[in-house]
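I have a structure I would like to understand better, so I am pasting it below and will then ask my questions one at a time.
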Amino acid sequence: MDAQEQMALAAKTDERQFNELVESHRSWILRVAAEVTHRYITDSDDEWSIALMAFSEAVQTYEEGKGSFRGLAAMVIRRRLVDYIRSESRHGDEMSVSPAAFEDGLDEDEASGVEMQVQRRMAEQAGSAAADDTASRAREEIAALQEILQGYGFSFFDLADASPKAEKTKKSCAQAVRALVASVLLMAQMRLRHLLPIRELSELSGVIRKILERHRKYIIASAEILDGEFPILAGYLTFIRKN
C-alpha cells in the first residue's frame, strides 16, 4: 500500500489528515474536473465544490486492497460532475431570482453611513494620503463581499445586527469560525449550498446549534472574509484568530 492510500485511510476519521490529503491533491482534483467540464476550473467555481465533496465521498468509501485510491476518486468525481452538469442543463431556462429581492436591508443612505464609519475609523489610524488609498480598497472589499453574501440571502450591512454582543457568545462564534475555516470540506459545502452546515459545524467545533443558528450571518461572513482575499476587513477579525 502506497503513501497516498495510507493517507486516504487515515483521512476517513482524521480531519487534519483529510485537509492535508486535499491540499496534496488540489491540482489533481482541479485537473480531473477540467477534463470533465472541458474548461479551466479554479477553487472558486461550483465545480470545485462538487469535485471536493466527491473526493470526500471517495475517501469514506475507499477500502484497503480494493485498488487505487486515485482511480476510485477520479471515477466518483467524474460521476458527480456529470450529474451536476446534467442537473444544471435541465434548469438552464429557469429564471434566477436574486436573494436581494427578499431582503429588508438598509436603504442607500443608511448603507452609505455604515461604510463611512468604516472609512472614518481607518482614517483615524493612518495618514490622510494612505487612508484615502485604504478607504478605496476597503470599498472594493466591501463591494466584493456584498456580492458573495447576497448568494447567502443577506447583506454586508445586516452584520451590525447579526454580530454577537456578549463576550461569551463572541468567543463561541470565534471558535465556530476557526473550525469552519480549517475545514476545506465544510467551507466547500457552505459555498456550494449557500447554507451554514450547522449540524456538522456544531459537531466539529463543539459550539451549540442555538448559537450557530442565531449568529449564522456573522459566522458565514467572518469565514468568507478570513478564507478570502479581504486583508482590510480581516484586520477587524484578528480576535477570532487570537481566541
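The values are calculated or read from the model by the stated rules, or taken from the named source; none is laboratory data. Everything numeric here is computed off the predicted structure, so don't read it as measured data. Cβ atoms come from the backbone with ideal geometry, glycine included; neighbour counts cover every protein chain shown.
Of the conditions (1) aliphatic (A, V, I, L, M); (2) more than 21 Å from the chain's Cα centre (by Cα); (3) at pLDDT below 50; (4) in a helix (DSSP H, G or I), Ala100 clears all except one; give me its number.
(2)
A further question on this structure: Residue check: is Ala51 surrounded by 13 or more Cβ atoms within 10 Å (Cβ to Cβ), in contact with a helix residue (DSSP H, G or I) (Cβ under 6 Å, 6 or more places away or on another chain) and among the small types (Gly, Ala, Ser)?
Considered against the rule, which asks whether it is surrounded by 13 or more Cβ atoms within 10 Å (Cβ to Cβ), in contact with a helix residue (DSSP H, G or I) (Cβ under 6 Å, 6 or more places away or on another chain) and among the small types (Gly, Ala, Ser), Ala51 comes out as yes.
OK, next. Scan the range 217-243 for residues that are surrounded by fewer than 17 Cβ atoms within 10 Å (Cβ to Cβ) and either of a type in the set (Lys, Arg) or at positive phi (or both) and report the count.
2
Quick one: is Ser163 over 22 Å from Ser49 (Cα atoms), modelled with pLDDT under 95 and hydroxyl-bearing (Ser, Thr, Tyr)?
Here the answer is yes, as Ser163 does meet what is asked.
What residue, among those in the range 186-210 that are surrounded by fewer than 20 Cβ atoms within 10 Å (Cβ to Cβ) and aliphatic (A, V, I, L, M), is nearest to the chain's Cα centre (by Cα)?
Selected residue: Met187.
Can you name the number of the only condition in (1) crowded, with 18+ Cβ neighbours inside 10 Å; (2) closer than 29 Å to Arg26 by Cα; (3) of a type in the set (Gly, Ala, Ser) that Ser172 fails?
(2)
May I ask you to say which residue of Arg16, Arg31, Arg39 is more than 19 Å from the chain's Cα centre (by Cα) and in a helix (DSSP H, G or I)?
Matching residue, one of Arg16, Arg31, Arg39: Arg31.
Of everything in the range 145-174, what is over 14 Å from Glu224 (Cβ atoms) and either touching a Gly at 6+ places or on another chain (Cβ under 7 Å) or not assigned by TED's automatic domain parsing to the domain that holds Arg214 (or both)? Give them in sequence order.
Phe157
Continuing with the same structure: Restricted to the range 134-159, and to residues that are under 22 Å from Arg191 (Cα atoms) and aliphatic (A, V, I, L, M), which residue is surrounded by the most Cβ atoms within 10 Å (Cβ to Cβ)?
Leu149
Next question. How many of the residues making up the range 13-53 are without any contact (Cβ under 8 Å) to a residue 40 or more places away in the chain, in contact with a Leu (Cβ under 9 Å, 6 or more places away or on another chain) and hydrophobic (A, V, I, L, M, F, W, C)?
Residues meeting the conditions: 2.
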